[in-house]
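What follows is a single structure, written as structure tokens, with notes after it.
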Amino acid sequence: MYTRMLVPLDGSKIAENVLPYARNMAGALKVPVQLLGVIEMSHYTSGARASYLDTLMDAAIRRNQEYLQSAAKTFLVSSVECTVEGGVPQEVIIAKAAENRGTLIALATHGRSGLNRWLLGSVAEKVLRGASNAVLLVRGTEEAKTEGEKAPERVIVPLDGSQLAEAVMPIVLEVAKAIKLKVVLLRVYSAPPIMYSIGHDDFLDDLNKILAESKSEATSYLDNVANQLKSKGLADVIQIVSEGEAAENIIELARGAPNSLIVMCTHGYSGVKSWVLGSVAEKVVRHGGNPVLVIRGL
């Protein structure tokens, strides 16, 4: 499980949207927190600024440290470390997390700092694609509260039947127990795309038969996963089976339950259903509004 939480902050209100979730999860999982500020060196090494580089850098580091130390005081966990480094934000975040495989990266999307000017939306996407660590992504808005703690009520777990997709289950089990979450298992099924494009009545029976078999298989599969979770102490587990495109179904389900955390694995896929969780995860992060915990499949 996780042994540390890394929280990159760029000084913006939107970036701080991750803090209520980070405080809650770090406290529930009892893990130390490292707050990270990144100063882009290129902003201080061009033109006339170059001659004042040391002075500018010292001032930037001091301001970032003061900001991070102020944020650190809002955590209830006993260990909160503040680190400021120079470099390219996504590269620094990925490298710092890679020092410890048990690190969970927690960051908000679409935060921009007037001081450091790094766009956390694009940074978040690059971290999601490049990090080998798990990443918790929270959609940031100017209106959201950044004080206190925010605990989700349920965790939505999309599964495609593959072992890679099921790699999230130990995480789901521990997080659900620690934060006392309901667990919603989702399996999306469909017929091969070509079946939907054939308009002849002769194929309608075949399509309906394929869909019925797929639904039955998906239902049986989720029943088995739910029983395994219940045998390990999770009593509140429900299963949802739906037809259609994976990302759309995940986003629609989460929108109907706004206080939900989505947990999913990248690069898990089903040879029969043919939907790739790597691309599905990116669609859910980009177009959904719920926090998403993305686990890197091995």
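Observations
- Under 13 Å of direct C-alpha separation, and excluding same-chain neighbours fewer than eight residues apart, Lys73 reaches these aspartates and glutamates: Glu81, Glu147.
- Label-to-label distance, nm, for residues given as Ser79 and Lys145 (7 Å Cα→Cβ offset): 3.0
- Stokes-Einstein diffusion coefficient of the stretch 60-175, Kirkwood radius over Cα pairs, 37 °C, 0.692 mPa s, in µm²/s: 200
- Environment charge of Leu104, counting only residues whose C-beta is closer than 14 Å and scoring Lys/Arg +1, Asp/Glu -1: +4
- Those trypsin sites (Lys or Arg not before Pro) in the stretch 63-104 that DSSP places in a loop and that have at most 15 other beta carbons within 10 Å: Lys73, Arg101
- Ignoring lysines fewer than eight residues from Lys215 along the same chain, the ones with Cα atoms less than 21 angstrom from its Cα are Lys273.
- Full-extension gain in nm, Glu245 to Gln69, via 0.36 nm per residue minus C-alpha separation: 58.9 nm
Since every read-out is calculated from the coordinates, none of them should be taken as a lab result. Remember, it's a predicted structure, so these values are computed and weren't measured experimentally. So basically every Cβ, Gly included, is an ideal-geometry build from the backbone, and we count neighbours across all protein chains shown.
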